[in-house]
1. If you place +1 on the Cβ of every Lys and Arg, -1 on the Cβ of every Asp and Glu, and leave all else neutral, what size is the dipole of segment 9-89 about its Cα centre, to the nearest 20 Debye?
2. Find the lysine pairs in segment 9-89 meeting two conditions, Cα atoms under 29 Å apart and a separation of 8 or more places or different chains, and report how many there are.
3. Each residue of segment 37-42 in turn: what ³J(HN,Hα) in whole Hz from Karplus with 6.51, -1.76, 1.60 and θ = phi - 60°, glycine and Pro shown as x?
4. If the viscosity is 0.890 mPa s and the temperature 25 °C, what translational diffusion coefficient in µm²/s does Stokes-Einstein give for segment 9-89 when Rh comes from Kirkwood over Cα pairs?
5. List the residues, sorted by chain then number, that are 5 or more residues from Asn28 or on another chain and whose placed amide H is less than 5 Å from its amide H.
Amino acid sequence: MLSKPSKKHADSVFYGIAAEEMQAGRINKGLMAKAIAKANGDKKKAEVLYLEWRVDLLTELAVAESKNQEEQKVFSKKKQTAVNKSEKYTKPENDSVDQSSNNQTLKIISVIILIVFIILTIVANI
């Protein structure tokens, strides 16, 4: 059974992946061209540079993916908390009836005030 590598050697996993990619011929052509240019055409030096840079890229991808997963967890927790809070508050069924009754009462009061205003205006003009 394989154990996790120490922090000092944590990148060994990425070196293994990069080495397998190279052996299988799955090479990032742009990265290899850059390595050859930096190595002044020396194939062995270019392979070493390529391997190091490919490990760096794999590490960056892993870190980005880890951050993305962490952000997704935080988002999911916040979303679940919001859902839970909304489930805790349930509007009573008779609340809409009370609101409708309040609206009718306000309309009646408005009409009565309007009628009183009209009567007062007529009486004031007489």
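1. Using only the charged Cβ atoms, the result is roughly 360 debye.
2. Close lysine pairs found across segment 9-89: 19.
3. Taking θ as phi minus 60°, the curve returns 5, 5, 8, 6, x, 6 Hz for segment 37-42.
4. The calculation lands on 161 µm²/s.
5. none
Coordinate-derived values only; no laboratory data. Since this is a predicted model, take the numbers as computed values, not measurements. Don't worry about glycine lacking a Cβ; one is built from the backbone with ideal geometry, like all the others, and counts go over all protein chains shown.
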